[in-house]
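Down below is the structure, laid out as structure tokens.
Every number here is computed from the coordinates shown, using simple stated rules; none is lab data. Every value quoted in this text rests on a predicted model; they were computed, and no experiment measured them. Cβ atoms come from the backbone with ideal geometry, glycine included; neighbour counts cover every protein chain shown.
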Ligand code: 5RP
């Protein structure tokens with residue numbers, strides 16, 4: 001069962017004519033954009049903003065109108081994936097490296113719909129390494145500060161072995177926090193470090209989490 005596709009397609013059912021939609025990034029968001037493109041080709045009239053270059057390219061290829069940020073007040077619904085979701089609908093995101101743009105778009109959204117397979121649900125966040133976007137300048141010092149928080153940061157590498165670079169020209173430090181008991185506190189600590197641009201904890205941002213299950217059922221969790 002493709003649990004990602006299941007969740008993604010259910011989320012797209014909520015999109016209506018006239019909406020402004022935020023397009024997430026990753027293999028689950030990919031299915032949502034595909035489905036949205038299909039609905040646009042069938043006559044749905046929406047406009048969209050994207051959280052990464054690759055999602056934008058996918059959307060344009062499907063005929064989904066991408067509009068300039070200056071023309072968007074509030075996004076009605078953003079549909080995006082996640083790496084982990086806990087019982088309070090707090091998230092770790094950024095496995096795909098787009099956490100900064102994803103957070104900017106989510107913060108401007110009336111509703112953030114998170115689409116996941118059931119394997120992403122956890123009791124406590126932290127088994128998935130927490131991505132932290134850092135600026136290249138003096139990044140060694142930023143890594144020192146992350147080590148000071150006992151986060152064992154590792155600079156992410158791209159497939160070619162070079163340092164992974166985000167769409168914003170920054171690095172990602174993947175941090176091992178093991179169990180994040182207080183996501184809001186860690187979020188604040190991380191973003192207080194000079195050199196940290198943003199981190200992958202999405203605290204109180206998800207409005208609805210749509211979970212695709214192996215047996216073909218779908219659960220909807222709402223804040
Ligand atoms: C990208 C993300 C993704 O939403 C997250 O990594 C989940 O990815 P996938 O849908 O491929 O499992 O945060 O920055």
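At a glance:
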{"quantity": "Coordinate range along principal axes, alpha carbons of the chain, Å, largest first", "calculated": "53, 37, 34"}
{"quantity": "Relative exposure of 182, 86, 119, judged by other C-beta atoms within 10 Å (fewest first)", "calculated": "182, 119, 86"}
{"quantity": "Separation in nanometres of the label points that stand 7 Å from Cα toward Cβ, at residue 60 and residue 88", "calculated": "4.1"}
{"quantity": "For the range 130-197: span of alpha carbons on each principal axis (Å, largest first)", "calculated": "35, 22, 20"}
{"quantity": "Distance in nm between pseudo-label sites at residue 204 and residue 104 (7 Å out along the Cβ direction from Cα)", "calculated": "2.3"}
{"quantity": "Residues residue 214 and residue 144, FRET efficiency given R0 of 41 Å [Cβ-Cβ distance, rounded to 0.05]", "calculated": "0.45"}
{"quantity": "Footprinting exposure proxy for 109, 14 (fewest neighbouring C-beta atoms within 10 Å first)", "calculated": "14, 109"}
{"quantity": "FRET E, pair residue 119, residue 70, Förster distance 30 Å, beta-carbon r, rounded to 0.05", "calculated": "0.20"}
{"quantity": "Degrees between helix 27-41 axis and first principal axis of the chain (Cα, 0 to 90, nearest 10)", "calculated": "20"}
{"quantity": "Among 168-175, 185-192, the order from most to least packed when residues are scored by Cβ within 10 Å on average", "calculated": "168-175, 185-192"}
{"quantity": "Percent RCO, i.e. relative contact order, over the chain, from Cα pairs under 8 Å lying at least 6 residues apart", "calculated": "24"}
{"quantity": "Residue exposure sequence - 53, 5, 93 - by fewest surrounding Cβ within 10 Å", "calculated": "53, 5, 93"}
{"quantity": "Peptide ranges 21-28, 133-140 listed from the most packed, as the mean C-beta count within 10 angstrom indicates", "calculated": "21-28, 133-140"}
{"quantity": "Cα centroid separation, the range 191-216 to the range 1-47 (Å)", "calculated": "19"}
{"quantity": "Two-site label geometry, residue 38 and residue 168: point separation in nm, points 7 Å out along Cα→Cβ", "calculated": "3.4"}
{"quantity": "Between 0 and 90°, nearest 10: helix 139-148 axis offset from the chain longest Cα axis", "calculated": "80"}
